[in-house]
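First the structure, which I've put down as structure tokens, then a few questions once you've had a look.
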Amino acid sequence: MTGEHLIPLYPVCCFHDANRQLCSVSAAVLGLPKLLKDDDIHAEYPSDTDDEYVTEKDSSLASPASTRDSLSALALFRASRILAKVLERNYPAATSHELSLQQMSALEAELDDWSDNLPQHLKLTFKQDKPSTDVTGSRSPILVRQHTHLLAPKGNADQLC
Amino acid sequence: MIANVPAEAFKRKIQENGKSCSDFNPEAFLHIQGCYPLTTKPSPQNMRIPPRLFSDRCVNVYFQEWAPLFPVLHKPTFLRVYEEFVSDPEKIKNNHKLAQLYLVFAIAALSGEQPDLQQIAACELQWQRSLEAVLMDNTMNTLQCLVLALMYCAIRADYKRLQHYKGIAVGLSHRLGLHQSQKRFSFGALTIETRKKVFWTLYTLDW
């Protein structure tokens, strides 16, 4: 399978807010490789502690789990790592490349695993392929679902956002 | 990916499918696009310091909608700078502080429902001027300003500026050692957490 059979990638990072959409990703939109190389990265993720509770001496004070904004950021960072792999393997900068169905299935499995392990307050439920209307003010980034659907036949992608 | 397909081959493919593409400019995809200015009228001088109502709302919106997913600023630290600003806006001369303030205003305002384009254009002018002054510094403060600038440029779809700032930001991030395991450094907890947050926010904005 070669690259021509995939529809172009239109990544959208949606705040689940009726009034706004943000296209906030640069490499995929510009068709250029990422600048940060995953192999060089050994930085740890930040802790899931909100700003107010971190001082120079100590970041061990915990805020109530249900209000942790930091969990939203962590979810996004983890999703970005998986999607960076999608970008690198399925849309490399080289002019010709081969794609493997196995690789794509493995990536989709990683995305599903990420989605399944989201904390409850970040989960976004879907009804008939659309976000369910009982979700308000959720910051769950639904960009992951966008991308898994974008790898599917074009008809599905049109129904989203 | 569109960027990898020669322009003529792409046009031919569209024509083969029976569609007209006389208005289609493949060059638009192949070259990084800048964007139109927010307003054609120059902002009046009195718009330089935004009204309190505007800036208060922007700060609230920023920390409610943006900071949770893009934790580039330490909220208590920023709020202290903002307090300094509202008590005497003219007194703040530090370019890092000015860049961060006006970037936060601009990001929040631009993403709102009825953006005041004139006001945002004035903020844009301010932050660009301040950022330019500190662009060559090898500091976390500069990197934080750059990451905020990436967020702004992404919303504006100013991809020329985005790509320019991103190159500088990633280089700076490497020089500061943010991509390395932070265990090797003996910084305080807040510094380490900030370094990680800034790095991973930049990573998210990179792809």
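Condition first: within 7 Å of chain A (Cβ to nearest Cβ) and within 12 Å of the chain's Cα centre (by Cα). Can you find one or more residues in segment B:174-196 that meet it?
no
In segment B:197-207, which residues are without any contact (Cβ under 8 Å) to a residue 60 or more places away in the chain and more than 8 Å from chain A (Cβ to nearest Cβ)?
Scanning segment B:197-207 gives no hits.
So which residues in segment B:65-86 are within 14 Å of chain A (Cβ to nearest Cβ) and among the charged types (D, E, K, R), if there are any at all?
Once the filter is applied, which keeps residues that are within 14 Å of chain A (Cβ to nearest Cβ) and among the charged types (D, E, K, R), segment B:65-86 yields B:GLU65, B:LYS75, B:ARG80.
Separate question: Kindly list the number of the only condition in (1) at pLDDT below 75; (2) in contact with a Pro (Cβ under 6 Å, 6 or more places away or on another chain); (3) not in a loop (DSSP other than H, G, I, E, B) that fails for A:GLU4.
Condition not satisfied by A:GLU4: (2).
Looking only at segment A:28-49, how many residues end up being at pLDDT below 85 and facing chain B (nearest Cβ under 8 Å)?
7
The values are calculated or read from the model by the stated rules, or taken from the named source; none is laboratory data. This is a predicted model, so every value here is computed, not measured. FYI the Cβ positions are ideal-geometry reconstructions off the backbone, even for glycines, and counts take in every protein chain you see.
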